[in-house]
Amino acid sequence: MSLHAKGWIPWLAAVMAVHGVLLVLYHLPEAKPGLGDERMYLRAASAVAAEGSSGLGSFWPPAYAWFLAPLVVLGRGSVWLVQAAQTALLVGAAWLLRELVWRALEDRWAANLTALLVVGYPPLVAFAHYLWPEVLHLALMLAALVVLVRWGPGLAAAVAGGALLALCLQTKLLLLPMLPLLGTGLWWLWPPRRRLPALLALAVTCALGILPTLVAQQRDFGRLMLANSARFDLWLSLNEVSRHEFRDSAVVAEYPRYVQSARSIDRREEIVYDKIVQTLGERGLWSSLRRQLGIQYFRLFGRDSFLTVQLEGGAVWQRGDGYRAGNSTAAQVIRWLSYAMWAAILVMVAWGVAVFPYRGRRSGWWVLGFLLIQCGLFLVLHVKTRYRIQMLPGLFFFAAYGAGWWRARRSGTDQPRASRRQWVSGLTLCTLLLYLAFGG
C-alpha cells in the first residue's frame with residue numbers, strides 16, 4: 001500500500017467517495033432527522049443567536065452551541081454550513097494528527113496512514129455531518145497537542161495551548177482526567193530550565209479561559225462547574241443491561257426520573273448518590289465489577305457505531321429514526337466497510353501495542369497511558385460508542401505503528417524480530433479486542 005506522494009490520488013478518491021456517499025445518505029431521499037442531543041444543540045444554537053445564552057442544562061458544556069450559532073444563522077437553519085465547517089475541522093484534525101505521529105515515529109508512511117484513517121473511517125467521517133461536538137472537540141484537542149509538543153515550551157505556545165485546552169474542556173469534559181497525564185508528558189518533554197514557567201503559563205491560561213463559563217454556571221445552577229454529569233453517568237452504567245447502546249437503554253427511563261427527583265441540582269445529586277451507594281451495597285463490589293466488565297467494554301469497542309445503528313437494519317433505524325435511504329447498496333457498503341476497517345484497526349492496534357519500542361520512545365507510554373485511563377473511566381461511567389471518538393487518535397497511533405512494522409518486515413527493512421512475549425501479548429490482545437467488537 002503506497003501512501004507516499006505518488007500514490008495519493010487513489011486514496012484521495014476513496015476518501016472523497018466515503019464523504020460523498022455519507023452526504024448523499026444523509027440528505028436523500030430526505031434529510032436524516034436529528035437524534036438525541038442533536039435537537040437540543042440546534043435549539044441551544046438558536047437561543048444563543050436570539051438571546052445570547054444557550055439554555056443548556058447542567059450536563060452539557062456550552063461551547064458547541066456557540067460554535068453552531070453563527071453557522072445556523074448564516075445557513076438559515078440548514079445544516080450544510082455546519083457540515084462544511086466540521087468537514088474542514090476533520091481535515092485539519094487529520095493534518096494535526098499526522099504532525100504528531102511524524103514527530104513521534106519519524107515515519108512518513110505511518111503518519112500518512114493516520115491522516116488517511118481520520119478522513120476515511122466512515123463512523124468518524126459521519127460525525128462531521130451530525131450536530132454533535134465530537135469533531136470540534138477532536139480538532140481542538142489535537143491542535144493543543146501540536147502547539148504544546150511541537151512549539152513548546154515558549155510562552156506563546158503555552159498561552160495558545162492553554163487557550164485551546166480551555167475551549168476543548170468547554171466542548172466536552174472527557175479530556176479533564178487526561179490533564180495530569182498531559183502535564184507529566186510535557187514535564188519530561190520540555191527542557192528543565194523552561195518547563196516550570198511554561199507549565200504555569202499553560203495552567204493559568206487554561207484556568208482563565210474556563211473562568212467565564214464557571215461563573216455563568218455558578219449563576220445559573222448554583223455550582224462552580226463546566227458541566228456535571230459524572231454521578232448520573234455512573235448511575236446509568238449500573239443500570240444498563242445491554243451490550244449495545246441503543247437497545248434497552250437506561251437513559252430513556254432514568255433521565256426523566258433524575259430531573260423529576262428534585263428541583264435543585266444539589267438535591268438531585270444527593271439522591272442519585274444515595275441510589276448508587278444502595279445499589280453497590282446490595283450487589284456487592286465484586287459482583288458489580290463483574291457486571292461492569294460484562295457490559296461496558298462490549299459497548300465501547302463494539303463493531304456497531306453511531307453511524308451503523310442509523311443505517312438500514314440498525315437499532316435506531318428499526319425504531320423509525322436514522323438515515324432514510326433504506327436498503328440501498330450504498331448503505332450496505334458503508335456498513336460493511338465500517339465493520340472491516342474497525343476489525344483491521346483493532347488487529348493493528350493490538351500488534352502495535354505489543355511491539356512498540358517503549359524504551360526508545362516515550363511517546364508510546366504517553367499514548368498507552370491515555371488509552372488506559374480512558375478504559376479505566378469507562379469501566380464505571382456510562383458508555384456510548386461516540387465516546388471512543390476521543391480515543392481514536394491513540395488507537396490510530398498504535399495501528400499505524402503496527403501496520404508500519406509489518407510493512408517494514410515485508411520490504412526487508414532492518415526491523416527487530418518480535419519476541420515470544422510480544423507474539424503472545426499481541427495475539428492475546430488481538431483476540432480480546434475482536435471478541436469485544438464482534439462477540440457481544
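The values are calculated or read from the model by the stated rules, or taken from the named source; none is laboratory data. No experiment lies behind these values; they were computed from the predicted model shown. Here the Cβ positions follow ideal geometry from the backbone for every residue, glycine too, while neighbour counts run over all protein chains shown. Accessible surface is based on the protein model in full, side chains and every heavy atom, while ligands, DNA and RNA are left aside. Shrake-Rupley method; radii C 1.70, N 1.55, O 1.52, S 1.80 Å.
If you check VAL147, VAL82 for being under 17 Å from HIS19 (Cα atoms) and over 16 Å from the mean Cα position of the chain (by Cα), only one passes: VAL82. Got at least one residue in the range 267-283 being under 26 Å from ALA400 (Cβ atoms) and free of Cβ contacts under 8 Å to residues at least 12 places away in the same chain? Scanning the range 267-283, I find no residue that is under 26 Å from ALA400 (Cβ atoms) and free of Cβ contacts under 8 Å to residues at least 12 places away in the same chain, so the answer is no.
Within the range 186-215, the set of residues being surrounded by 14 or more Cβ atoms within 10 Å (Cβ to Cβ) and small (Gly, Ala, Ser) comprises ALA198, ALA201, ALA203, GLY209. If we scan the range 288-305, do we find a residue that is without any contact (Cβ under 8 Å) to a residue 24 or more places away in the chain and at positive phi? Scanning the range 288-305 turns up no residue that is without any contact (Cβ under 8 Å) to a residue 24 or more places away in the chain and at positive phi. Of all residue pairs spaced 6 or more apart or on separate chains, those with beta-carbon atoms under 9 Å, a first member in the range 243-256 that is on the phi > 0 side of the Ramachandran plot and a second member that is open to solvent by less than 40 Å² (accessible area, probe 1.4 Å) are ASP248/GLU240; ASP248/SER242. Of the listed requirements (1) aliphatic (A, V, I, L, M); (2) farther than 30 Å from ARG247 by Cβ; (3) open to solvent by 80 Å² or more (accessible area, probe 1.4 Å), ALA418 misses just one: (3). Of the residues TRP8, TRP95, the single one that is at pLDDT 95 or above and among the aromatic types (Phe, Trp, Tyr) is TRP95.
Considering each residue of the range 110-158, count those that are of a type in the set (A, V, I, L, M, F, W, C) and outside any helix (DSSP H, G or I), and give that number. Before you say what the answer is, go through the steps one by one.
So in the range 110-158, the residues of a type in the set (A, V, I, L, M, F, W, C) come out as 110-111, 113, 115-119, 124-128, 131-132, 135-136, 138-149, 151, 155-158.
This time we only want the ones that are outside any helix (DSSP H, G or I), so: 131-132, 151.
Adding up the residues that qualify gives 3.
When the range 347-376 is examined, which residues are found to be of a type in the set (Gly, Ala, Ser) and either in contact (Cβ under 8 Å) with a residue 24 or more places away in the chain or open to solvent by less than 50 Å² (accessible area, probe 1.4 Å) (or both)? Hits for the range 347-376 are ALA350, GLY352, ALA354, SER363, GLY364, GLY369, GLY376.
Mind telling me which of the residues TYR323, TYR339 ends up being open to solvent by less than 40 Å² (accessible area, probe 1.4 Å), hydroxyl-bearing (Ser, Thr, Tyr) and closer than 19 Å to TRP132 by Cβ?
Numbers: TYR339 fails: closer than 19 Å to TRP132 by Cβ.
When all the criteria are applied, what remains is TYR323.
For the range 51-68, a residue qualifies if it is in a helix (DSSP H, G or I), open to solvent by 30 Å² or more (accessible area, probe 1.4 Å) and touching a residue at least 24 places away in the same chain (Cβ under 8 Å), and exactly one does: PHE67. Test LEU169 against the criterion of being open to solvent by less than 10 Å² (accessible area, probe 1.4 Å) and modelled with pLDDT of 95 or more, and give yes or no. So LEU169 fits the description; yes.
Answer yes or no: is there a residue in the range 136-159 that is surrounded by fewer than 16 Cβ atoms within 10 Å (Cβ to Cβ) and either closer than 30 Å to LEU307 by Cα or touching an Asp or Glu at 6+ places or on another chain (Cβ under 7 Å) (or both). Looking for residues that are surrounded by fewer than 16 Cβ atoms within 10 Å (Cβ to Cβ) and either closer than 30 Å to LEU307 by Cα or touching an Asp or Glu at 6+ places or on another chain (Cβ under 7 Å) (or both), one finds at least one in the range 136-159, hence yes.
Of all residue pairs spaced 6 or more apart or on separate chains, those with beta-carbon atoms under 9 Å, a first member in the range 69-83 that is in contact (Cβ under 8 Å) with a residue 60 or more places away in the chain and a second member that is hydrophobic (A, V, I, L, M, F, W, C) are GLN83/LEU23; GLN83/ALA128. Please go through the range 161-178 and give me each residue that is within 16 Å of VAL367 (Cβ to Cβ) and in a helix (DSSP H, G or I), ordered by number. Once the filter is applied, which keeps residues that are within 16 Å of VAL367 (Cβ to Cβ) and in a helix (DSSP H, G or I), the range 161-178 yields PRO177, MET178. Of the residues that sit in the range 72-84 and are of a type in the set (A, V, I, L, M, F, W, C) and touching a helix residue (DSSP H, G or I) at 6+ places or on another chain (Cβ under 7 Å), which one is least open to solvent (accessible area, probe 1.4 Å)? Residue satisfying both the conditions and the ranking: VAL82.
Applying the selection to the range 18-50, what residues are part of a loop (DSSP other than H, G, I, E, B), open to solvent by less than 50 Å² (accessible area, probe 1.4 Å) and not hydrophobic (A, V, I, L, M, F, W, C)? Quick ask: steps written out before the conclusion?
Initial filter on the range 18-50 (part of a loop (DSSP other than H, G, I, E, B)): 28-36.
Checking which are open to solvent by less than 50 Å² (accessible area, probe 1.4 Å) leaves us with 32-36.
If the condition is that a residue be part of a loop (DSSP other than H, G, I, E, B), open to solvent by less than 50 Å² (accessible area, probe 1.4 Å) and not hydrophobic (A, V, I, L, M, F, W, C), then LYS32, PRO33, GLY34, GLY36 are the ones that fit.
Evaluated against (1) open to solvent by 30 Å² or more (accessible area, probe 1.4 Å); (2) within 30 Å of PRO29 (Cα to Cα); (3) not hydrophobic (A, V, I, L, M, F, W, C), ARG386 falls short on exactly one condition, (1). Restricting attention to the range 303-315, the residues being open to solvent by less than 10 Å² (accessible area, probe 1.4 Å), part of a loop (DSSP other than H, G, I, E, B) and of a type outside the set (A, V, I, L, M, F, W, C) number 2. Do the conditions hold for VAL277, that is, is it closer than 25 Å to TYR387 by Cα and aliphatic (A, V, I, L, M)? So VAL277 does not fit the description; no. Residues that are touching a residue at least 40 places away in the same chain (Cβ under 8 Å), closer than 22 Å to TRP342 by Cβ and of a type in the set (Gly, Ala, Ser) were ranked within the range 85-134; the one that is surrounded by the most Cβ atoms within 10 Å (Cβ to Cβ) is ALA126. Given the criteria of a type outside the set (Phe, Trp, Tyr), closer than 23 Å to LEU377 by Cβ and in contact with an Asp or Glu (Cβ under 9 Å, 6 or more places away or on another chain), does ARG231 qualify? Yes.
Scanning the range 185-206 for residues being free of Cβ contacts under 8 Å to residues at least 24 places away in the same chain and under 26 Å from the mean Cα position of the chain (by Cα) gives a total of 1.
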